[in-house]
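Before any comments, here is the structure.
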Amino acid sequence: MNILQLVPKLNIGGVEKGTVEVARYLTLKGHKAVVVSGGGVFEKDLAAIGARHYTLPVGRKNPLIMVYCCFRLRHVIRKESIDIVHARSRIPALIGYFAARSTDRTFITTAHGQYRKHLISRVMGWGKMVITANETMARYMKENFGVPLRKITIIPRGVDLKRFSFTLPSTKKGKTFRVGMICRFTPLKGHLDFLKAVSYVSRKMNNVEVVLMGEKSSAKKEYIKKIELTMRRLMLGGIVEFKDSNEDVSEVLKSLDVLVSANREQEAFGRSIIEAQASGVPVVATRVGGVVENIEDGVTGLLCEPMNPLDMADKILRYAEDPKLVRKVSQTGRKHVAKSYSVDKALEMTVEAYSRVLKEKNILIFKISSLGDIILAIPSIRAIRKRFRGARIKILVDVHFREVLDNCPYVDEVITCDFIRGRDRGPGFLKLAGRLRSEDFDISIDFQNSRRSHVLAFLSMVSERYGYDNGKLSFLLNRRISLPSGPLGPVEHQAYILGLLGITGLEHHLELWPGRSSEEWAKKFLKNSWLKKNQKLVAISLSASKRWKTKNWGIPAMAELTEMLAREKGMRVVLLGTDDDRTHAMELMRKTAAKPIDAVGQTSISRLISLVKRCNALVTGDSAPMHIAAATGTPFVALFGPTDPERHLPPSRNQPSRNQRVLYKRIKCAPCYRPACPRNIRCMTSIKPVEVFDALMEIIK
């Protein structure tokens, strides 16, 4: 694996140390380790272990510099053949995200802090995997940034127990009481609170010395001035010693009697805390964030309230006055770190996470509408699942049609949109794109074949975007294919794109999965409609859609067929349709004395499937009920006019000659593919009821 890590700087800090440790472990295991940062004292450590470092100002917030870094980072990614871009801070993450997405690389993050809720912080949840050091941070990312738990991997920080060897406090023979902080110089670390606490301690003890370790040169000058001013006001200048970040932390810890972590805000972990515990140095820490997972108060350390110097001073003095407490905390702290924070275990978990995220595939299928087309896409969806057995597969469909896939075993989740009522138009469209982008899809497969779906795939930042090269903004796809000029069957048309994914040998049969409640409803509905036992039942679909009037056969012809079935064969008819077909149903029932069963407006998609499944045959135009019948194995007579049966007739479960009949009048203007007709829809009205009756008799068992 070739791994690139992104950090703002390589100076002292837990994030920076972790970056170097991961690079060292990757190199040791035969992988390539690359680090991009603004430079720092750890550059020489990377060079010593054979890792590569590129200096870029990836921590700068200037938009122009960020754009420059993104382009330079893309060059590094390609040059080093990077597999994973791993960002460990917000500004580098923003740069890394777009660089990784635009080069089709996997992007992951490690969330090291409990970030404030603003736009830039959200990028830490955009990784395909989000690593946190503990459960506290995992909950924070979920609750504040909506990161799904399935994306979060908890990998505790690790300590090199050999380097940070245990020293029993009682063996230290120093004449002074040394208290220190090891962290970056930034206000949230609480240096000013610590100095005030030390001032209180120094009034009780005459031998106090203070160590402040960190990179002063990279800190803001205003903050360093505040620290120095506070030291003068509290008259601490003679007892405070600054240590540079290039000194050995383990040696500095050995010189301390107490380490203080004075964080003012939520701290995700606190690396210096576990390093001190490993070294046998007692710790006082503010009660914030993930720190409470590292310290059991009074057992492995002492906790104080944040921004409360008096409480902090009291806890420091407890160590100074109670050698038994010091001995207990030192020993239990070391045992705690040895059990939970082994560096070897943490690094092994990190490399395993890298390997796992590369193997994982998140796939998005676009099939927004309509009902019949979604059913026709099922063989393709089945083939995708067969090809990518371990992948997470999700499909985007319009909310009005989601029910058809509720029980589909080939998808992990159905994501809904609503373009019919306009919820996902305008600002809603961008919100939907953001929702899809947050899923970190590796592959999108566009069966919808529309401008809208092509734009969504692009805005979702999917690495591999498969679709048809049809001129409908298809340049937004980066894996596209042109359809052949000749006619394709409906399933073949949906599946033609699969060849780009190496999927062959498509199984054409359709499937549907109505729920148990729908099956029970259909059974009860027919019983309450006085359907006799063993009486044959024929369903008639009243219309195709509100738009396609040319696909409709006509109410007079349907009424005549209903009469013929009842009079000559004693068969019952059930009328299918939506609420929009209510007037058609009333007209048909006025024209016949056969008393058909009225199911118009009473069926959800699942109930419609269960009802068609119980029929002996179906009469339908080129519409969704035809596809439902093909999927459930119900024989059907399909009436075609403005559309071509070669392109739209669904495959049958059985031999077509046994359970399908197509009536299609090849008049001069057919197929016209027009939803309106100036010629009284002769292609449909020329189909006679007796022809449909005869076709039904051939297929009804």
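Nothing in this text is a laboratory measurement; each read-out follows from the coordinates by a stated rule. Small disclaimer: the values here were computed from a predicted structure and weren't measured. Using ideal geometry, Cβ is built from the backbone for each residue, glycine included, and neighbour counts are taken over all protein chains shown.
Computed quantities for the displayed model
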{"item": "GluC sites (Glu not before Pro) within segment 407-464: DSSP coil, no more than 15 neighbouring Cβ in 10 Å", "result": "none"}
{"item": "Viscosity 1.306 mPa s, 10 °C: Kirkwood-radius Stokes-Einstein D of segment 169-340 over Cα pairs, µm²/s", "result": "100"}
{"item": "Extension gain from residue 517 to residue 200, taking 0.36 nm per residue of separation minus the Cα-Cα distance", "result": "106.9 nm"}
{"item": "Two-site FRET efficiency, residue 658 against residue 478, from Cβ-Cβ distance with R₀ of 51 Å, rounded to 0.05", "result": "0.70"}
{"item": "Inter-label distance, nm, simple model (7 Å from Cα along the C-beta direction), residue 686/residue 698", "result": "1.8"}
{"item": "Degrees, to the nearest 10: 90-102 long Cα axis against longest axis of the chain", "result": "40"}
{"item": "Hz values of 3J(HN,Hα) by residue in segment 363-375 - Karplus curve (6.51, -1.76, 1.60), Gly and Pro given as x", "result": "10, 10, 10, 9, 8, 6, 7, 9, 4, x, 5, 5, 4"}
{"item": "Stretchable slack from residue 305 to residue 1, in nm (0.36 nm times residue separation minus alpha-carbon distance)", "result": "105.0 nm"}
{"item": "Loop GluC sites (Glu not before Pro), segment 319-381, which have at most 10 other Cβ atoms in a 10 Å radius of their Cβ (DSSP)", "result": "none"}
{"item": "Relative contact order, percent, segment 516-699 [alpha-carbon distance under 8 Å, six or more residues apart]", "result": "24"}
{"item": "Cα coordinate range in segment 547-644, projected on the principal axes (Å, largest first)", "result": "31, 28, 25"}
{"item": "Lysines whose Cα lies under 16 Å from that of residue 688, excluding same-chain neighbours fewer than 8 positions away", "result": "551, 665"}
{"item": "In order through segment 665-676: 3J(HN,Hα) via Karplus (6.51 cos²θ - 1.76 cosθ + 1.60), integer Hz, x for Gly, Pro", "result": "8, 7, 6, 4, 8, 9, x, 9, 6, 10, x, 10"}
{"item": "Under 21 Å from residue 532, Cα to Cα: lysines that are on another chain or at least 8 residues apart", "result": "523, 524, 569, 595, 613, 701"}
{"item": "Full-extension gain in nm, residue 369 to residue 119, via 0.36 nm per residue minus C-alpha separation", "result": "86.7 nm"}
{"item": "Size of electric dipole in the chain: Cβ of Lys, Arg +1 and of Asp, Glu -1, about Cα centre, debye, nearest 20", "result": "720"}
{"item": "Estimated distance in nm for a label pair at residue 500 and residue 578, the labels positioned 7 Å out from Cα along Cα-to-Cβ", "result": "3.1"}
{"item": "Angstrom value of the Kirkwood radius, inverse mean 1/r, which spans all Cα pairs in segment 74-131", "result": "11.4"}
{"item": "Percentage relative contact order, segment 212-334, counting C-alpha pairs under 8 Å, at least six apart", "result": "21"}
{"item": "Principal semi-axes in Å for segment 516-699 [√(5λ), Cα gyration tensor, largest first]", "result": "24, 18, 16"}
{"item": "Paramagnetic label zone (point 7 Å from Cα along Cα-to-C-beta, residue 217; backbone N under 16 Å) in segment 11-31", "result": "11-13"}
{"item": "Cβ-derived FRET efficiency at R0 41 Å, residue 352 paired with residue 251, nearest 0.05", "result": "0.80"}
{"item": "Sparse-neighbourhood loop sites, GluC sites (Glu not before Pro) in segment 204-258 - DSSP loop, at most 14 other Cβ within 10 angstrom", "result": "247"}
{"item": "Bins of 20 Å from zero: percent of alpha-carbon pairs in the chain", "result": "16, 35, 23, 17, 8, 1"}
{"item": "Lys/Arg +1, Asp/Glu -1 at C-beta; the chain dipole; positive extreme among 553, 660, 377", "result": "553"}
{"item": "P(r) of segment 2-154 over all Cα-Cα pairs, binned every 5 Å from zero, in whole percent", "result": "2, 10, 20, 23, 22, 15, 7, 1, 0"}
{"item": "Cα-based shape type of segment 361-501, given that a ≥ b ≥ c are square roots of the gyration tensor eigenvalues and the cut on a/c is 1.5", "result": "rounded"}
{"item": "Within segment 45-81: backbone nitrogen closer than 18 Å to the residue 104 label point (7 Å, Cα to C-beta)", "result": "74-81"}
{"item": "From the C-alpha gyration tensor of segment 340-381, square roots of 5λ in Å", "result": "43, 9, 6"}
{"item": "Distance in nm between pseudo-label sites at residue 360 and residue 666 (7 Å out along the Cβ direction from Cα)", "result": "5.5"}
{"item": "Per-pair calculated FRET efficiency, R0 = 41 Å: residue 345 and residue 81 via Cβ, rounded to 0.05", "result": "0.90"}
{"item": "Projected area averaged over orientations for segment 466-535, convex hull of C-alpha atoms, nm²", "result": "9.1"}
{"item": "Under 26 Å from residue 394, Cα to Cα: lysines that are on another chain or at least 8 residues apart", "result": "128, 142, 151, 359, 361, 367, 386, 431, 472"}
{"item": "Derived scalar couplings ³J(HN,Hα) [segment 677-691; Karplus, 6.51 cos²θ - 1.76 cosθ + 1.60; whole Hz; x for Gly, Pro]", "result": "9, x, 10, 6, 6, 4, 4, 9, 5, 7, 7, 8, x, 5, 5"}
{"item": "Mean Cα-pair separation over length for the chain, i.e. relative contact order, pairs under 8 Å, 6 or more apart, %", "result": "8"}
